[in-house]
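Worksheet: one structure, shown below.
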Number of protein chains: 2
Amino acid sequence: MRPKLTLKQIARELDVSISTVSKALRDSPEIGEETRKKIKAFAKLYNYRPNNIALSLKNRKTKTIGIIIPEIVHYFFTTVISGVEQVANEKGYNVIVCLSNNSFDKEVLNLELLANGSTDGFILSIAKETMQKEDYHHLIEVINQGMPVVLFDRVVDEIHCDKVIIDDVIGAKKAVQYLIDNGAKKIGLVSTVDYVSVGKLRTRGYLEVLRNNNVEVQENLILKIEDMDNSETEIKEFIDKNDVDAVFAVNEHFAIHAIKALQEKGLKVPEDVSVIGFTDGELSKRFIPSLTTVSQHGERMGAEAARLLIDKLERKPEEEESYKTVIVETSLVERNSTKS
Amino acid sequence: MRPKLTLKQIARELDVSISTVSKALRDSPEIGEETRKKIKAFAKLYNYRPNNIALSLKNRKTKTIGIIIPEIVHYFFTTVISGVEQVANEKGYNVIVCLSNNSFDKEVLNLELLANGSTDGFILSIAKETMQKEDYHHLIEVINQGMPVVLFDRVVDEIHCDKVIIDDVIGAKKAVQYLIDNGAKKIGLVSTVDYVSVGKLRTRGYLEVLRNNNVEVQENLILKIEDMDNSETEIKEFIDKNDVDAVFAVNEHFAIHAIKALQEKGLKVPEDVSVIGFTDGELSKRFIPSLTTVSQHGERMGAEAARLLIDKLERKPEEEESYKTVIVETSLVERNSTKS
DNA sequence: TTTCAACACTCAAACGTTTTCGCAAAATAG
DNA sequence: CTATTTTGCGAAAACGTTTGAGTGTTGAAA
């Protein structure tokens, strides 16, 4: 076992000072040709690499960005991480991932831990519990200490920082417009109750498009799921008793249950009824039929967040402080659950 | 903006020495009651937290473990991360995640980067390209430097370290035995070509169980998919021309295509034909019908890997070096694609 | 011969901690 | 009232690095 080489050891070995070694390796003109070559050769031979921790301490930056998400076994979040990672890597940054498990306490803990020198900034999606408590002091604290934070997906107005979000209303409008353009008249909506912000916004998009196209809004064609655990039965009943020629569901899960219910009713998807979902996850791609869906482009969101953060980190101190909110456009991915 | 507080600032503010502050905060008996209280109150008021980087440098350990995986948008790997994270957190460790994207070069880069002081040890699943090249010098190098490494899932004999794997053969046996126990006689196998180790091992399990139960092996009931892109058609043809009463597929994807082909042939799953998959991902849980499947327990694997690593990290230096390989048992998760 | 610049290097401080050692002053013992 | 112990605190080194300032030698210009 050969422990890591340090400048000090090289210096002792070659009988020069530590600073000489450091300067030689960084090609300082202060060091003579011969000495420099000798040192470089030695360093190469024994595979010297500077210690990151020491560098971080010296430079007061770690070249590491922390990302705190509510859960990791979750398609959307992994695509975001993937996007962050790509951009971070390009710019020479590392990514350290922490999970809040949707718990307020764990979010606070992780944030405090990483804020003590481990990272230069944060990319974060707020935990469910934190949103319920509406307690953001930990985030505000960290921002006040001068640490840049970028919020994505779940964001709140109370926190002043850069943000990356999608436009749920426009996403929903794209989907419903697509259905109308392809001849649908009786479009069912399977949504969540209104206090889930995503459900509310997507419902708004649905309503707007119907009005814009002079399609009458039929209240009975709108289903708002209360109890997620019982969504399957609710959707089945909804489909059974209503006559629709298209369905817009606010997530993948609702979409596939709608498809199943339609099939059991003797209808074919997409021949008789078209179905569109929201969130382009594994399930949308691989369900049979595969789902036409509104994609949230998690990877782009991650990349955008990383760019915002790194811009802040590398900004000259004299530049004006300003916070941006980037809206990443959704797009409709056409697959086999809609006819066109 | 209030920058982070340091010992030095507290010392200056309270007109004592840095060491006094440090000792007071760590409840050293050297410091008098009064001074200690004063310092602690001040630190609390201004929310002092020691700088992790400085601590890492001093202690020569970072309390951080690196995990390098081939991809993150992948159900299995996320469950592993989740398991690692839980155990790591319990023991006061952070997790830094890097992606190799299945590229040899990126794996080497990440490893070298993190090995220079950023982490105390690694948990790693080898990149596809690395396995093809059979070049593991970067891993061996890191291990030689005294950094503990735990390999999981994709492991190789050439590397001497702790390992966490599942037993594919036993997993497959459980599945096929279950089918036989429930009356199946003509069990189709949808596998990959033999040079994919997973396909080979799971096929072996299938064959062993048939022999053990004196069921004749019919070569025509075994499908080995060459071309993943064309798997759908291959499976459809296979199902169409063969008469089976059960199917064992070596992954989720094959399983759902088998189900679809069966349904299109006019057969019902699970009433007429039972289907079992491998890998308990999103799709298995949420496909309709949901899939009975062999679960690999990624979370357990991650937890196990983290435990092995942390044991190594906290082992006294005088203790004997030894490498373990932990086999995490698979288990059969019964859902709606099999009758029982 | 003196002066000075160029060269090639070393010293020392700094980043923020912890910890060993040393040293006064106060408290106790003799 | 002196001798010794205890108490309370500070100085300094260490972790590994970078970097501005300082130093000694050489060779050339004045």
*Along each principal axis, Cα extent of region B:7-50, largest first, Å*: 23, 17, 17
*Okay, which of region B:1-15 sit inside 20 Å, backbone N to the point 7 Å along the Cα-Cβ direction of residue B:34?*
B:11-15
*In nm to one decimal, list the spacings between the residue A:266 label point and its equivalents in the other copies, with label points set 7 Å along Cα to Cβ, shortest first.*
1.9
*What is the distance, in nm, between label points placed 7 Å from the Cα along the Cα-to-Cβ direction at residue A:334 and at residue A:314?*
3.9
_Can you compute the modelled spin-label distance between residue B:226 and residue B:194, with each label point 7 Å from Cα toward Cβ, in nm?_
1.6
*Along Cα→Cβ at 7 Å, what distances in nm separate the residue A:41 label point from those on the other copies, shortest first?*
6.5
_Mean Cβ neighbour count within 10 Å, used as a protection proxy, ranking B:150-159, B:286-295 highest first_ = B:286-295, B:150-159
_Amide H contacts under 5 Å for residue A:324, placed H, 5+ residues apart_ = A:162, A:163
_Sites matching GluC sites (Glu not before Pro) across region A:244-273 that sit in DSSP coil, with at most 10 neighbouring C-beta atoms within 10 Å_ = A:271
*Where both residues lie in the protein assembly as shown, what percent of DSSP beta bridges are antiparallel, nearest 5?*
10
_Coil-residue GluC sites (Glu not before Pro) of region B:113-153, DSSP, other Cβ within 10 Å capped at 14_ = B:134
*asked:* I'd like the distance between the alpha-carbon centres of region B:70-93 and region B:206-269, rounded to an integer number of Å.
replied: 33
*Only bridges with both residues in chain A count here: give the DSSP antiparallel percent, nearest 5.*
10
*Residues with amide H under 5 Å of residue A:152's amide H, sequence separation 5 or more or different chain, H placed in the peptide plane at 1.01 Å from N; which?*
A:124, A:125, A:126, A:164
*Find the Rg to Rh ratio for the protein assembly as shown, where Rh is the Kirkwood radius over alpha-carbon pairs and Rg uses the same atoms.*
1.02
*For chain A, size of Cβ-based charge dipole, Lys and Arg +1, Asp and Glu -1, in debye*: 1920
*Zone of residue B:112's modelled label, taken as backbone nitrogen in region B:142-166 under 19 Å from a point 7 Å along Cα→Cβ*: B:142-147
*Sequence of B:282, B:13 when ordered by accessible area, the most exposed leading, probe 1.4 angstrom*: B:13, B:282
*Report residue B:62's accessible area, 1.4 Å probe, all protein chains in place, as a number in Å² to the nearest 10.*
20
*Work out, in µm²/s and without decimals, the Stokes-Einstein translational diffusion coefficient of region B:46-156 at 10 °C, 1.306 mPa s, Rh from Kirkwood over C-alpha pairs.*
108
*Determine, for each peptide in B:44-50, A:306-312, the mean count of other beta carbons within 10 angstrom over its residues, then list the peptides with the highest first.*
A:306-312, B:44-50
*For region A:168-296, what is the per residue volume of the convex hull drawn over the alpha-carbon atoms, in cubic angstrom?*
93
*With a point put 7 Å past each Cα toward its Cβ, work out how far residue B:61 is from residue A:141 in nm, to one decimal.*
2.7
_Over 20 Å between Cα atoms: which of B:173/B:200; A:128/A:260; B:128/B:163; A:186/A:236 fall into that group?_
A:128/A:260
_Once ligands and nucleic acids are excluded and a 1.4 Å probe is used, how much of residue B:75 is accessible, expressed in Å² to the nearest 10?_
60
*Taking R0 as 35 Å, what's the FRET efficiency between residue A:237 and residue A:285 from their Cβ-Cβ distance, rounded to 0.05?*
0.80
_Neighbourhood net charge (14 Å Cβ-Cβ; Lys/Arg +1, Asp/Glu -1) for residue A:100_ = -4
*Order of exposure, largest accessible area first, which applies to A:301, A:147 with probe 1.4 Å*: A:147, A:301
*In nm, what does the list of distances from residue B:27 to its counterparts in the other copies look like, shortest first, when each label sits 7 Å along Cα to Cβ?*
5.4
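By average Cβ neighbour count within 10 Å, what is the ranking of B:240-246, A:52-58 from highest down?
In decreasing order of mean packing, B:240-246, A:52-58 become A:52-58, B:240-246.
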_How large a share of the accessible area of region A:130-269, in percent, is made up of carbon and sulfur atoms when the probe is 1.4 Å and the other protein chains stay in place?_
47
*asked:* Just to be sure I understand: if I project the alpha-carbon convex hull of chain A onto a plane and average over all orientations, what area do I get in nm²?
replied: 23.3
_Pairwise centroid distance, computed over Cα atoms, of region A:126-188 with region A:297-312, Å_ = 15
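The values are calculated or read from the model by the stated rules, or taken from the named source; none is laboratory data. In this text, all values refer to a predicted model and were calculated from it rather than measured experimentally. Quick reminder, even Gly has a Cβ in these numbers, built from the backbone with ideal geometry, and neighbours come from all protein chains shown. These accessible areas exclude ligands, DNA and RNA; they are computed on the full protein's heavy atoms, side chains included. Shrake-Rupley method; radii C 1.70, N 1.55, O 1.52, S 1.80 Å.
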